[in-house]
Amino acid sequence: MHRERVSENVYWFQSEVYAQVTAGVVAGPQWAIVIDTLALPDETLAIREFVEHEIGVPVRYVVNTHYHADHSWGNCFFPGATVIAHALCRTLLIERGIPSLESVRKQNSAYRQVKIVLPQLTFNEGSLTLRVGKKNLTIMPAAGHSQDGIAVLVEEDRVLFAGDAFMPLPYVVDGDAEDITITIKKIGRMGLENIIQGHGDIILRGEIDAAVRENLNYMTNICKIARAAVRRRAPQDYMDEMTIESCGKSRVYLGGLAEELHRRNLRALYKENMEGRPAGKAEEE
Ligand SMILES: [Zn+2]
């Protein structure tokens, strides 16, 4: 797992095991808050170890930016903490998280010690503020990757933990293309120092405009392709020809998953156009 200090008392973690998923910590003198929990117990426990033994404070709050496994399944490793999330995150963890963990457990013994811990503190709209030491955190909705997406802004540092609403490649199979476009535009106008993406590397101030532009471009292009595919005789062949690069994005790594995510985006949007309903509500990272 990579670890970096983003600003004073603000830390970033990135998985070396699964899809470059990220997490964060904001620490105060008495306690710390963890933002997302990574995918595998060993990495989650390494975050806790760092907070408790290197920073030397307990974790009082855990924020889940959304209900997907790689962001919320580590809640159980912070038994003393209160979990904060969107109200929908709680619902989706009950409806999808619990059955999904049941089946994953049968295939992967690493998950035997995992159990779903539901958020205790939830909100539906507006925002929450939380003061940690000298930092004010604003926790706000950030839909698009999933309906329950939220983001955490460290006001003093203008650092945004965006969850999967901002990724090296926008991913909307469990979300909504229009919502993510609105969210990405809003993030672009926030005057940020850093965007901490839910997956991938930290985006620095000088890179933000280009990253926002590229992601918006990508969304416009894949929506256009999915609409055009509906009128084609061989829609799958047509979509197969459309690479990530031809959709206006370059150099996406994401632990080798990018191409697959791109294919799933196109399939979901195509299906949505065919059926006239929002993209699938599948279980996705
Ligand atoms: Zn994710």
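Each residue of region 3-20 was assigned a 3J(HN,Hα) from its phi angle through the Karplus expression (A = 6.51, B = -1.76, C = 1.60, θ = phi - 60°), giving 9, 9, 8, 8, 7, 4, 6, 10, 10, 10, 10, 9, 5, 9, 9, 10, 6, 6 Hz with x at Gly and Pro.
Extension gain, THR243 to THR82, is 53.7 nm, computed as 0.36 nm per intervening residue step minus the present C-alpha separation.
The share of accessible area on the chain that comes from carbon and sulfur is 47 percent, using a 1.4 angstrom probe. Dipole check for region 129-199: with +1 at the C-beta of Lys and Arg, -1 at the C-beta of Asp and Glu, and the Cα centre as origin, the magnitude is about 380 Debye. In the context of the full protein assembly, LYS271 retains an accessible surface of approximately 100 Å², using a probe radius of 1.4 Å and ignoring ligands and nucleic acids. Once the Cα atoms are used to define both axes, helix 177-188 deviates from the longest principal axis of the chain by about 50 degrees. Please state the shape class of region 151-210: rounded when a/c is under 1.5, otherwise prolate if a/b exceeds b/c and oblate if not, all from the C-alpha gyration tensor. It is prolate, given that a/c is not under 1.5 and a/b is the larger ratio. To the nearest 10, the accessible area of GLU125 is 150 Å² with a 1.4 Å probe. Between helix 98-107 and the chain there is an angle of about 90 degrees, using the helix long axis and the longest principal axis of the Cα atoms.
Using Cβ point charges alone (K and R +1, D and E -1), the dipole size of the chain about the Cα centre works out to roughly 560 debye. Ordered from largest to smallest accessible area (heavy atoms of protein chains, 1.4 Å probe), the residues MET1, MET140 come out as MET1, MET140. Rolling a 1.4 Å probe across the protein heavy atoms gives region 78-193 an accessible surface of 43 Å² per residue. Value of Rg to Rh for the chain, rounded to two decimals, is 0.97; Kirkwood radius and Rg both from alpha-carbon coordinates. Using a probe of 1.4 Å, the accessible surface attributed to TYR18 totals some 60 Å² when neighbouring protein chains are kept in position. Considering only C-alpha atoms, what is the centroid distance from region 1-19 to region 247-261, in Å? Each part's Cα centre sits 21 Å from the other's. On the beta carbon distance between ALA46 and GLU102, with R0 = 30 Å, the FRET formula returns roughly 0.70.
The values are calculated or read from the model by the stated rules, or taken from the named source; none is laboratory data. Being a predicted model, the structure only gives us computed values, none of them experimental. Note: ideal-geometry Cβ built from the backbone for every residue, glycine included; neighbour counts use all protein chains shown. Please note that ligands, DNA and RNA were not included when accessible areas were found on the heavy atoms of the full protein model with its side chains. Shrake-Rupley method; radii C 1.70, N 1.55, O 1.52, S 1.80 Å.
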